[in-house]
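Presented below is the structure to which this report refers.
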Amino acid sequence: MSIMKHWRIAYGAAYVCGAAALTIALVINAPSIASNTISKLDFNWAFWSPSVLELGVLPYIGLWGILALLERRFPAGTVKSASNWFLNLKINLLGLIVSPLLSVLLGVFLGYVSSSIDVGFFDLRITQGVGIGRALVAFFIWFFAIDFFYYWWHRFQHVSFLWQQHKVHHLDENVSAVTALRVHWLENLAYMPMVTLPPTLLFKFDPATGGIALGVISLFTAFWQTFFHANLKVGFGWASPLFVSPQIHRIHHSRLTEHLDKNFAGYFPILDVAFGTYYHPGPDEYPPTGVQGEKDVESFRESLFLPVREWWKMFRAWRTRGTSVPV
């Protein structure tokens, strides 16, 4: 049995056991959790406060503009056409609306879960009087834990039926800044419980920590993802295993065989080093991107229905062969 299969079994078993334990605790404590969550969630800030635009959306759109200009002046590969750029922009805007709001709401909810049922082995709660140093350490630990679980979730997407929805992101033949949030909306819904739920079982954190941490991480990662998807010749050299750069992530999007299933980590490539999926590119290695043998989507509508179409094809093939559905 391969190392990947061992890790899939171990991670899957741990996740199922943890999720089952948390579900039982949620059912037992449902009334108090629901009361606390509904009464104290700040829906006004989450959904229509101007601060959302001032702190997140407007600077993010500004970053798009800056990177788009740099990509045309210093491209690492073929420059994206205007029509394809605007198609990605539409998909990005949907993700920009859905993901941060879900992150804040889920973070606050999980904070109440954590404080109500006393789960977690490590205390990351930020109480009054806690210094900035402790707060930053807690934030970094939480951020690294999120990337650890994202790494395994991301690998599973590439080797399972979930590839059919994740493929919307990888079909882009001209990876650029607006590829960052080019993900299917179903992927956002699945990401939240699969990546943010496990840390809830490991760490104790209060509602403020949960909401702020997930909200800030969501905003920060949106900026970082936009940067490392940029079509720019930017690498970090010897520091490449420490932080994801446009060059490192371009390897992950490469259509070349030697780059297949490499560099899965979202932010800390040291995870790829640890689990055998790291590929260190040469000084001027910026491969073509996309999925070998497949065409990119041509419309916003096609991007929305691509996974459903592909899953239907898989189901029909299974019915025809009379074999098990591939996972």
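The table for this structure:
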{"read-out": "Given Lys167/Lys313; Lys80/Lys313; Lys262/Lys313, the pairs whose alpha carbons are separated by over 22 Å", "value": "Lys80/Lys313; Lys262/Lys313"}
{"read-out": "Spin-label pair Arg73/Glu310, simplified geometry with 7 Å Cα→Cβ offset, distance in nm", "value": "3.6 nm"}
{"read-out": "Computed label-point distance, nm, for sites Trp238 and Phe86 using a 7 Å Cα→Cβ extension", "value": "4.8 nm"}
{"read-out": "Extension reserve of the Ile61-Trp318 stretch, reckoned as 0.36 nm per residue once the Cα distance is removed", "value": "88.2 nm"}
{"read-out": "Highest-first arrangement of 290-297, 176-183, where packing means the average Cβ count within 10 Å", "value": "176-183, 290-297"}
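Since every read-out is calculated from the coordinates, none of them should be taken as a lab result. Small disclaimer: the values here were computed from a predicted structure and weren't measured. Note that each Cβ is placed from the backbone with ideal geometry, even for glycine, and that neighbours are counted across all protein chains shown.
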